[in-house]
Amino acid sequence: MLQTALQEIETAAELKKIISENENVMVCCGRMGPMCIPVYEAMEELEEDREDVKFFTMAFDSPEANIIREDPSCLGFMGLPFTMYYKKGEVAHATSSIQSMEKIKAVLNDKFGK
Amino acid sequence: MDEVFDVMILGAGAAGLTAGIYTSRAKFSTLILNEGPIGGQMVLTNEVANYPGVEKTTGYAMAGIMKKQAKEFGCKIKSNVKITEYDLGEKVKSVTLEDGRVFKAWSVILAPGGKSRTLNIPGEDKFRGSGISYCATCDGEFFTGKEIVVVGGGNSALEEAVALTKYVTKVTVVHQFDHFQAFEHAVREAQSNPKIEFIMESTLTEFTGNESLERVTIKNIPTEETYQYPAQGTFIFIGYSPNTSAFKGIVEMNEREEIITNSEMQTNLPGVFAAGDSIVKRYRQITTAVADGTIAALTAAEYVAKTKKEELVLN
Ligand SMILES: Cc1cc2nc3c(=O)[nH]c(=O)nc-3n(C[C@H](O)[C@H](O)[C@H](O)COP(=O)(O)OP(=O)(O)OC[C@H]3O[C@@H](n4cnc5c(N)ncnc54)[C@H](O)[C@@H]3O)c2cc1C
């Protein structure tokens with residue numbers, strides 16, 4: 001269980017359902033560690049501004065998170081968290097390791113529009 | 001006239017949040033502007049076990065409670081902002097954000113803290129997350145069976161090098177001096193570990209590879225000779241530096257760019273105070289940041305009360 005103010009996805013089936021029902025979804029798959037927490041923090045703040053995007057977390061150590069860990073876009077990733085951006089059910093972008101608010105905003109604007 | 005806050009605090013780490021709790025509880029209108037995520041370095045701490053009165057918690061939880069306390073007393077907090085201009089020399093101080101918004105206050109508390117140093121060399125940005133890491137506990141397992149480099153020669157570098165041997169086949173510690181700046185026991189433990197090798201008086205100048213990191217370029221400092229060295233991973237632990245570059249030429253600092261204050265946390269500028277890891281001091285802990293924040297808040301409150309009274313008399 002991740003202790004953040006964001007909604008946590010617990011199963012792969014739940015993730016599939018969410019991305020099929022929502023056009024723009026950002027999921028941060030990590031732990032409660034120093035590289036992940038700043039990303040959750042940024043997402044918590046963005047959740048207030050970006051109503052067009054659904055923000056979620058997923059626990060990296062859950063076997064259910066294999067759906068993200070083994071996604072082809074995460075091949076070669078060597079840093080937590082793995083952050084996924086889904087557009088209309090497909091992976092639009094993925095990043096590895098800590099990301100600044102500026103970088104996250106840039107991806108959201110680029111992939112989901114301003 | 002625009003709203004003029006009694007106290008504006010720059011930085012929402014342990015020092016800034018504490019100052020915000022004190023000033024807002026004392027009914028001074030308070031605004032905290034923070035450039036990063038709220039909590040600062042506290043949120044980078046997996047476990048805080050040395051904060052008196054709190055048996056064990058995560059830095060994230062502690063930061064969350066401090067933020068809630070400050071907000072409940074009426075403190076306004078804006079995080080992830082980018083400040084582009086500081087005007088701290090006048091009686092009413094102001095800062096301008098990237099988006100053009102201007103915030104004013106009778107007093108300012110600088111609490112920008114510090115951050116991990118990065119090498120700032122070619123390839124560092126590109127391979128962050130695909131070979132370069134700053135956190136062994138977070139990312140160690142991704143390097144299982146690989147050969148890696150650890151940069152640094154302090155306690156963190158040597159302790160993390162030893163911890164990483166749990167996963168990797170070989171660690172090469174690259175350090176700029178011919179001696180370590182770590183405790184004797186940490187040096188001994190690293191030196192006696194058969195998986196660890198050392199390259200002294202050397203520094204990294206470039207990271208190269210394709211999709212992920214494959215090589216680093218090492219420069220021998222005395223001879224200036226450079227060569228390529230295979231590395232599927234690099235962990236960087238080269239210490240912390242204060243986040244004070246924005247205040248250069250505004251407030252007095254020492255040669256390490258730490259803000260100079262007196263024991264009441266006053267800087268050389270009237271009405272400008274500083275607290276936490278960014279000031280000149282020996283020990284940088286949550287407890288010391290909290291203590292500085294308390295003192296800065298109380299001194300700022302006194303200053304604001306006096307200044308506003310003087311203004312009333314003048315007007
Ligand atoms: C990995 C790690 C583990 C630690 N473990 C412990 C521990 O177990 N116990 C302990 O007591 N201490 C620990 N520490 C030290 C402790 O976290 C720090 O000493 C303390 O949190 C410093 O607080 P601060 O408010 O001075 O600065 P910071 O926490 O650095 O906060 C400063 C904030 O200001 C922001 N900022 C920077 N520049 C500006 C600007 N110009 N304008 C506005 N905002 C700005 C930053 O983004 C940041 O959010 C640890 C530190 C680290 C890195």
| said: Less than 12 Å Cβ to Cβ from B:Gly39, Lys/Arg counted +1 and Asp/Glu -1: what total charge do the surrounding residues give? | reply: 0
| task | Please determine, in degrees from 0 to 90 and to the nearest 10, the orientation of helix B:59-72 with respect to the longest principal axis defined by the Cα atoms of chain B, where the helix direction is its Cα long axis. | result | 10 degrees
| message | In whole Å, what are the extents of the protein assembly as shown along the principal axes defined by its C-alpha atoms, from largest to smallest? | response | 73, 60, 41
| Hey, what's the Cα Rg ratio for segment B:118-236 versus the globular rule of thumb, 2.2 N^0.38 Å? | 0.97
| message | Once R0 is set to 41 Å, what does the formula 1/(1 + (r/R0)^6) return for the Cβ-Cβ distance between B:Asn262 and A:Glu48, expressed as a FRET efficiency to the nearest 0.05? | response | 0.55
| note | With the dipole of segment A:7-109 defined by +1 on each Lys or Arg Cβ and -1 on each Asp or Glu Cβ, the option from A:Ala59, A:Cys29, A:Ser96 whose Cα lies farthest towards the positive pole is A:Ser96
| task | Give, rounded to the nearest 20 debye, the magnitude of the charge dipole that chain B has about its Cα centre when Lys and Arg contribute +1 at Cβ and Asp and Glu contribute -1 at Cβ. | result | 960 debye
| message | Nothing charged except the Cβ atoms of Lys and Arg (+1) and of Asp and Glu (-1): what's the magnitude of the dipole of segment A:7-109 about its Cα centre? Round to the nearest 20 debye. | response | 400 debye
| Assigned charges on the beta-carbon of Lys, Arg, Asp, Glu; the protein assembly as shown dipole about Cα centre (debye) | 620 debye
| message | Quick check on the exposure proxy: order B:Cys135, A:Cys74 from fewest to most C-beta atoms within 10 angstrom. | response | A:Cys74, B:Cys135
| request: Find the lysine pairs in segment B:92-166 meeting two conditions, Cα atoms under 22 Å apart and a separation of 8 or more places or different chains, and report how many there are. | output: 4
| remark: Links exceeding 22 Å between C-alpha atoms in this model, out of A:Lys88/A:Lys111; A:Lys16/A:Lys54; A:Lys114/B:Lys67; A:Lys16/A:Lys88; A:Lys87/B:Lys82, come to A:Lys114/B:Lys67; A:Lys87/B:Lys82
| Where does each of B:231-243, B:10-22, B:260-272, B:79-91 land if you order them by average Cβ count within 10 Å, highest first? | B:10-22, B:231-243, B:260-272, B:79-91
| query | Over segment A:7-109, how many percent of alpha carbon pairs lie in each 10 Å bin up to the one with the longest distance? | reply | 16, 55, 28, 0
| note | For segment B:18-31, Karplus-derived ³J(HN,Hα) couplings (6.51, -1.76, 1.60; θ = phi - 60°; whole Hz; x for glycine and proline) come out as 4, 4, x, 4, 5, 6, 6, 5, 7, 6, 8, 5, 10, 10
| field | Taking segment A:7-109 and dividing mean pair separation by its residue count, relative contact order in percent (alpha carbons under 8 Å, at least six apart) | value | 36 percent
| remark: Here the FRET efficiency for A:Arg69 versus A:Glu102, based on Cβ atoms and R0 = 22 Å and rounded to 0.05, is 0.25
| Restricting the count to DSSP beta bridges whose residues both fall in the protein assembly as shown, what percent are antiparallel, rounded to a multiple of 5? | 45 percent
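Readers should treat all values here as calculations from the given coordinates under stated rules, not as data from a laboratory. In this text, all values refer to a predicted model and were calculated from it rather than measured experimentally. All Cβ positions, glycine included, derive from the backbone under ideal geometry; neighbour counts span all protein chains shown.
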